[in-house]
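The values are calculated or read from the model by the stated rules, or taken from the named source; none is laboratory data. All values reported here derive from a predicted model rather than from experimental measurement. No Cβ is skipped: glycine too gets one built from the backbone with ideal geometry, and neighbour counts run over all protein chains shown. SASA here: full protein model, heavy atoms, side chains in, ligands and nucleic acids out. Shrake-Rupley method; radii C 1.70, N 1.55, O 1.52, S 1.80 Å.
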Amino acid sequence: MTIHAKNAHGPSLLSLLLLLAVLFADGALAHEGPDPAAQWVFDRQQVEGDAVRAVLGPAGVIEGKAEVEKLGQDGALVFNGSDTAVRIDAEREVRESVLPTRAFTVSAVVSVDRPQRWGGIVGMFQDNGGAERGWILGYNHRHFTIGLSTQGADDGNGRMTYLAGETAYEAGRLYHVAAVYDGKTLELYVNGKREASTREQSGDILYPDKAPMMIGTYRDDDENNLLTGRISRVSIYHDAAARKWIEHDYDHAKKLLAMDVQPVQPTVDPTDEHQLVVQPFLQFATTDGITVTWETSQPARSTIHWGPTQACEQRINLEGTGQFSEQGFVQQGRVAELEPHTQYFYRVESVDALKRKVQSDVFTFQTAPDRDTPFAFAAISDTQGNYEVASQISKLAWGHRPSFLLHPGDLVQTGRDKRHWTRTFFPSMHPLISRVPIFPVLGNHEQDAAFYYHYMDLPKPEYYYTFTYGNAQFFIIDTNRNVDPESEQYQWLDQALSQSDATWKIVCHHHPPYSSDENDYGNLWKTNESSRGDKRVRQLVTLYDKHAVDVVWTGHIHSYERTWPLKESRPVDEGGTLYMITGGGGGSLERPGPFRPAFQNVVQRGHHFSMIHVNGRIMEVRVFTDRGELFDTFVLDKRE
């Protein structure tokens, strides 16, 4: 076995001798396998102050608190979930010599003591909207994961594939986690067992132009989700290891994995106040359950108190201390085993490591009804950064007692700015979504930011999904992504619509296929040329005609518009699909152009919200201004 030292300064002679001694003693040389291009061992010989000497490869620098624990003959760096991370501090050319270009194996011995949706062990990546590049060995709220972007996937446009294992990790336990990629197949191993594989990615790894190489955090331009747990060692190889080699590597870690360790508690600064950053709100109601989400300023043990009376005598204790999200901790739990179409009460409570308790008021919610029970919902879109209007509309909508809120996108002005979520959107929508669940859609202003996925708890992959409420089925699409006939979303929607037996089929996405707007699709004050709607999204209309979709709800244009029923893009007086723009939730108002297209029925400039009432085969729609004045109403009747 040849050891290639990539560190510009070179590893210490003692480190190399120790490594060789271990390899020979364990019989590792009898097993064929890749040689490491980089390796970091977190024991007291390799960690001094905030410096991490590499056994192979470039050195690392510890950000935040540096604490090394002795575990038998080994050691582990403690990651406190507050500020500890390791940055691989190297010149670009040295770092590039460490990073694999095609085939690779990466392994780590790690414990995860606080679940979060997007967690990182080691990697270099960007996962921001269209900039999905690099790789990251990590974990989610339950399982270990590997994320990878390659030039051979999806024409090399940077789409990452995230592969999740099967083992549900437990706090206070160490695991051997490894990922292998041979240029065609990506595999994930946990404790020597292959748990997942995919061939979605192929070819050379597609790296971002700029990204930090980090250990112990999921970090890119707008995310820094710090690990709460331990890492004993990390190794990177430029070759794809065989399964037997992974099993062999796991065998050598068994003594360490058997060590009895206590879960790491996230660090709490006693000078920092503990408060509710986001008041509790509701999501994804079904006939037997509902999700409750809120955010605290400190990691905390949290409880949902609920019941049929205001006393909220039943309780659900959440696992972990919350998902870290830029100086906040998102708490999320599901109340299950409920009765359909029933009123319940709830409140939330969180206690941090210093025993400081924060709690909410008591609110109500109701579960979804069975198929034969009438219901109503509100539709509000493009709330963006207008707290005053959005707050007023939220209060007015709650006055109509909707069953839920459908939001066709642009919840916030800037999705990557957390303040727009915590200071504008959630406070303005609080009167409504603290009492009725929100079913959101990604708009362009969300920027596909991590905050959307931190706060929202939706069926995978979350940017598209479906849900059933009463006798209606809703299909949610992200029109910021590809929606052409070859795309994943188009093919999913085609299949999902074909399988639906709902009385009402309703689709919701952000961009409108048809619009009379003055200048979004061609400036009608300067020329008569306009696409009069988003032509890229109009590719979906074929599916709406094919599967007899009843209504398509959209936003994006900050006004109200209702088309005639359309089929093959032409108005019809029987059948057809109705297209509704309800983009008056708060964004700067827009005007219709001077030309009245044939598809236009009603158009109105002004902030507004819609209420949709469903009873069997009858749907009634009423649209109100931000002063509560009715300005449009119509009925869809399927009884004939």
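Checking the conditions here, which among VAL389, VAL348 is in contact (Cβ under 8 Å) with a residue 40 or more places away in the chain, among the aliphatic types (A, V, I, L, M) and part of a strand (DSSP E or B)? Spell out how you get there, then give the answer.
On the way: VAL389 fails: part of a strand (DSSP E or B).
Of VAL389, VAL348, the one residue that is in contact (Cβ under 8 Å) with a residue 40 or more places away in the chain, among the aliphatic types (A, V, I, L, M) and part of a strand (DSSP E or B) is VAL348.
When you check THR167 against the structure, is it among the hydroxyl-bearing types (Ser, Thr, Tyr) and over 25 Å from GLN126 (Cα atoms), yes or no? Taking the combined requirement at face value, the residue satisfies it.
Taking the listed residues LYS244, LYS254, the one that is open to solvent by 70 Å² or more (accessible area, probe 1.4 Å), in contact (Cβ under 8 Å) with a residue 12 or more places away in the chain and of a type in the set (Lys, Arg) is LYS244, with no other qualifying.
For first residues located in the stretch 599-627 and touching a residue at least 40 places away in the same chain (Cβ under 8 Å), partners that are of a type in the set (Asp, Glu) and part of a strand (DSSP E or B) and lie 6+ apart or on another chain with Cβ distances below 6 Å form the pairs VAL602/ASP632; VAL603/GLU561; HIS613/GLU620; VAL623/ASP632. Could you go through the stretch 194-203 and let me know if any residue there is at pLDDT 95 or above, acidic (Asp, Glu) and surrounded by 18 or more Cβ atoms within 10 Å (Cβ to Cβ). No.
Can you tell me which of THR167, THR145, THR150 is hydroxyl-bearing (Ser, Thr, Tyr) and surrounded by fewer than 20 Cβ atoms within 10 Å (Cβ to Cβ)?
Values: THR145 fails: surrounded by fewer than 20 Cβ atoms within 10 Å (Cβ to Cβ); THR150 fails: surrounded by fewer than 20 Cβ atoms within 10 Å (Cβ to Cβ).
Going through THR167, THR145, THR150 in turn, just one is hydroxyl-bearing (Ser, Thr, Tyr) and surrounded by fewer than 20 Cβ atoms within 10 Å (Cβ to Cβ): THR167.
Can you spot a residue in the stretch 267-282 that is open to solvent by less than 20 Å² (accessible area, probe 1.4 Å), within 30 Å of TRP294 (Cβ to Cβ) and aliphatic (A, V, I, L, M)? Yes, that holds for at least one residue. Taken over the stretch 349-391, the criterion of being of a type in the set (A, V, I, L, M) and farther than 24 Å from THR296 by Cα is satisfied by ALA368, ALA376, ALA378, ALA379, ILE380, VAL389. For first residues located in the stretch 462-485 and without any contact (Cβ under 8 Å) to a residue 12 or more places away in the chain, partners that are outside any loop (DSSP other than H, G, I, E, B) and among the polar types (S, T, N, Q) and lie 6+ apart or on another chain with Cβ distances below 8 Å form the pairs ASN482/GLN489.
Every residue, every condition in (1) open to solvent by 20 Å² or more (accessible area, probe 1.4 Å); (2) not in a loop (DSSP other than H, G, I, E, B), yes or no:
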| site | (1), (2) |
| --- | --- |
| ASN523 | yes, no |
| THR542 | yes, yes |
| ASP545 | yes, yes |
| ALA548 | yes, no |
| ILE557 | no, no |
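The number of residues in the stretch 431-454 that are touching a helix residue (DSSP H, G or I) at 6+ places or on another chain (Cβ under 7 Å) and within 30 Å of GLN310 (Cα to Cα) comes to 3.
To keep it simple, each residue is scored yes or no on (1) under 22 Å from the mean Cα position of the chain (by Cα); (2) part of a strand (DSSP E or B).
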| position | (1), (2) |
| --- | --- |
| THR424 | yes, no |
| ARG435 | no, no |
| PHE439 | yes, yes |
| HIS445 | yes, no |
| TYR452 | yes, no |
| LYS460 | yes, no |
| ASN482 | yes, no |
| LYS505 | no, yes |
| HIS511 | yes, no |
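Only a single criterion out of (1) in a strand (DSSP E or B); (2) of a type in the set (A, V, I, L, M); (3) open to solvent by 10 Å² or more (accessible area, probe 1.4 Å) is not satisfied by ALA496, namely (1).
Any idea how many residues of the stretch 580-594 are assigned to a strand (DSSP E or B) and open to solvent by less than 10 Å² (accessible area, probe 1.4 Å)? Residues in the stretch 580-594 being assigned to a strand (DSSP E or B) and open to solvent by less than 10 Å² (accessible area, probe 1.4 Å): 3 in total. Can you pull out the residues in the stretch 600-623 that are part of a strand (DSSP E or B) and open to solvent by 30 Å² or more (accessible area, probe 1.4 Å)? The answer is ASN601, VAL602, VAL603, GLN604, HIS613, ASN615, ILE618, GLU620, ARG622.
Can you find even one residue in the stretch 591-600 that is among the aromatic types (Phe, Trp, Tyr) and under 30 Å from the mean Cα position of the chain (by Cα)?
Of the residues in the stretch 591-600, the ones among the aromatic types (Phe, Trp, Tyr) are 595, 599.
In the following step, the residues that additionally are under 30 Å from the mean Cα position of the chain (by Cα) were identified as none.
No, that holds for no residue.
Quickly run through the stretch 466-483 and pick out the residues that are open to solvent by less than 50 Å² (accessible area, probe 1.4 Å) and in contact with a helix residue (DSSP H, G or I) (Cβ under 8 Å, 6 or more places away or on another chain).
Our first condition is that a residue be open to solvent by less than 50 Å² (accessible area, probe 1.4 Å); within the stretch 466-483, this holds for 466-467, 469-479, 483.
If the condition is that a residue be open to solvent by less than 50 Å² (accessible area, probe 1.4 Å) and in contact with a helix residue (DSSP H, G or I) (Cβ under 8 Å, 6 or more places away or on another chain), then THR466, PHE475, ILE477, ASP478, THR479, VAL483 are the ones that fit.
When GLN392, GLN413 are checked against the criterion of being open to solvent by 50 Å² or more (accessible area, probe 1.4 Å) and within 23 Å of the chain's Cα centre (by Cα), a single residue qualifies: GLN413.
THR364: surrounded by fewer than 19 Cβ atoms within 10 Å (Cβ to Cβ) and either assigned to a strand (DSSP E or B) or in contact with a Leu (Cβ under 8 Å, 6 or more places away or on another chain) (or both), yes or no? Talk me through it step by step, then tell me what you get.
Details: surrounded by fewer than 19 Cβ atoms within 10 Å (Cβ to Cβ): yes; either assigned to a strand (DSSP E or B) or in contact with a Leu (Cβ under 8 Å, 6 or more places away or on another chain) (or both): yes.
Yes: the conditions hold for THR364.
Remark: ASP209 falls outside the filter, which requires a residue to be closer than 25 Å to HIS445 by Cα and crowded, with 18+ Cβ neighbours inside 10 Å. Return yes when GLU132 is among the acidic types (Asp, Glu), surrounded by 23 or more Cβ atoms within 10 Å (Cβ to Cβ) and closer than 30 Å to GLY183 by Cβ and no when it is not. When the stated conditions are applied, GLU132 passes them. Please go through the stretch 593-605 and pick out each residue that is of a type outside the set (S, T, N, Q) and within 16 Å of THR554 (Cα to Cα). Hits for the stretch 593-605 are PHE599, VAL602, VAL603, ARG605. Summed over the stretch 435-459, the residues that are more than 17 Å from ASP410 (Cβ to Cβ) and of a type in the set (Val, Ile, Thr) give a count of 1. Does the stretch 107-118 include one or more residues that are among the basic types (Lys, Arg), at pLDDT below 90 and outside any strand (DSSP E or B)? Scanning the stretch 107-118, I find at least one residue that is among the basic types (Lys, Arg), at pLDDT below 90 and outside any strand (DSSP E or B), so the answer is yes.
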